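Some notes on the structure that comes next.
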């Protein structure tokens with residue numbers, strides 16, 4: 001058993017494994033080189049050989065405890081035949097959706113469209129020895145936001161108008177839910193040791209909608225996935241004190257926290273569920289002295305608790321690779 005699975009399954013507190021969300025990405029010069037030669041981002045995510053190469057880049061550099069497959073949460077809308085493109089300096093732009101076509105979209109057709117993701121996992125797994133491989137998907141709510149809003153809610157989003165046709169949205173959510181489960185199941189069958197569900201925009205949900213659109217659909221997916229006997233990490237970003245209710249309701253194998261969550265608070269509220277993450281990615285852009293102090297806050301708070309070191313969101317593009325190297329070596333020294 002590898003370090004991260006040991007931490008989650010056996011609740012080992014003797015070591016703090018390390019990996020980073022978006023560790024295979026824009027802060028690495030070797031990734032930027034590949035990206036500059038591959039302008040179509042979705043096509044890049046569907047190139048198994050390049051997926052393997054990119055996924056392994058941070059492992060080769062930093063000897064991290066987990067590789068996360070290079071992909072994107074918007075692979076699911078793409079798999080449903082919604083147009084997905086990434087505009088430089090703007091972010092994702094999605095095409096119009098035909099509700100009826102999506103609701104009736106066949107699972108086999110979905111798998112055909114996204115099968116290179118699974119091939120990329122198989123190829124990557126062949127190259128990994130004592131390192132966990134993490135597969136992932138977006139949560140139903142976050143995918144709904146992108147599919148209906150057709151761009152990042154950072155750009156333009158109105159929560160009131162979003163729920164004008166709530167019944168229709170719920171119907172779409174159930175369809176997406178089935179495909180998230182299928183996508184994660186296929187990743188596990190292809191070699192993923194762990195899967196993570198990213199609810200990046202859970203924090204947009206008002207109090208009266210969070211149960212129906214965040215807790216309950218994620219719980220249903222987690223319950224189905226648990227039958228496959230692989231650890232499931234959930235990241236309901238931005239839900240603040242609702243993390244406590246999320247843990248009680250969804251019961252993931254591990255809970256990933258964002259940087260607004262106080263580590264001493266979640267320690268008491270997670271109900272024994274292993275914890276991951278929390279460090280603000282912006283701290284990696286400051287002084288090493290401040291970085292050390294903040295790392296120690298997490299390491300010492302969770303010294304007697306199963307904890308995976310990670311960030312409270314993805315590595316920022318302006319982060320220096322040397323900083324990631326420093327963090328890994330600093331934590332490994334503390335582990336020794």
So, residue 52, is that one more than 19 Å from the chain's Cα centre (by Cα), within 30 Å of residue 309 (Cβ to Cβ), touching a residue at least 12 places away in the same chain (Cβ under 8 Å) and not in a loop (DSSP other than H, G, I, E, B) or not? no
Look at residue 136 and say whether it is touching a strand residue (DSSP E or B) at 6+ places or on another chain (Cβ under 8 Å), touching a residue at least 60 places away in the same chain (Cβ under 8 Å) and either closer than 26 Å to residue 20 by Cα or buried (at least 21 other Cβ atoms within 10 Å of the Cβ) (or both). yes
So if I check each of 207, 245, 223, which one is out of contact with any strand residue (DSSP E or B) (no Cβ under 7 Å at 6 or more places or on another chain), within 19 Å of residue 272 (Cα to Cα) and surrounded by fewer than 15 Cβ atoms within 10 Å (Cβ to Cβ)? 223
Is it the case, given these coordinates, that residue 155 is in contact with a strand residue (DSSP E or B) (Cβ under 8 Å, 6 or more places away or on another chain) and more than 28 Å from residue 252 (Cα to Cα)? yes
Out of the residues in the range 178-195 meeting the condition of being at negative phi and part of a loop (DSSP other than H, G, I, E, B), tell me which one is surrounded by the fewest Cβ atoms within 10 Å (Cβ to Cβ). 193
Looking only at the range 31-65, which residues are under 30 Å from residue 329 (Cβ atoms), out of contact with any strand residue (DSSP E or B) (no Cβ under 7 Å at 6 or more places or on another chain) and surrounded by 15 or more Cβ atoms within 10 Å (Cβ to Cβ)? 31, 34, 35, 50, 51, 52, 53, 54, 57, 58, 61, 62
Test set (1) within 25 Å of residue 227 (Cβ to Cβ); (2) crowded, with 17+ Cβ neighbours inside 10 Å - residue 123 fails condition number: (1)
Taking residue 82 as the residue in question, decide whether it is buried (at least 19 other Cβ atoms within 10 Å of the Cβ) and in a loop (DSSP other than H, G, I, E, B). yes
Would you mind finding the one in 175, 164, 168 that is within 30 Å of residue 97 (Cα to Cα) and outside any helix (DSSP H, G or I)? 164
Grab the helices (runs of 4 or more DSSP H) fully contained in the range 248-336, keeping just those with 1 or more residues being in contact (Cβ under 8 Å) with a residue 40 or more places away in the chain and crowded, with 21+ Cβ neighbours inside 10 Å. 321-335
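Throughout, read-outs are computed from the coordinates displayed, never taken from laboratory work. The model shown is predicted, which means the values in this text are computed figures rather than measured ones. With ideal geometry, Cβ positions are generated from the backbone for all residues, glycine too; neighbour counts draw on all protein chains shown.
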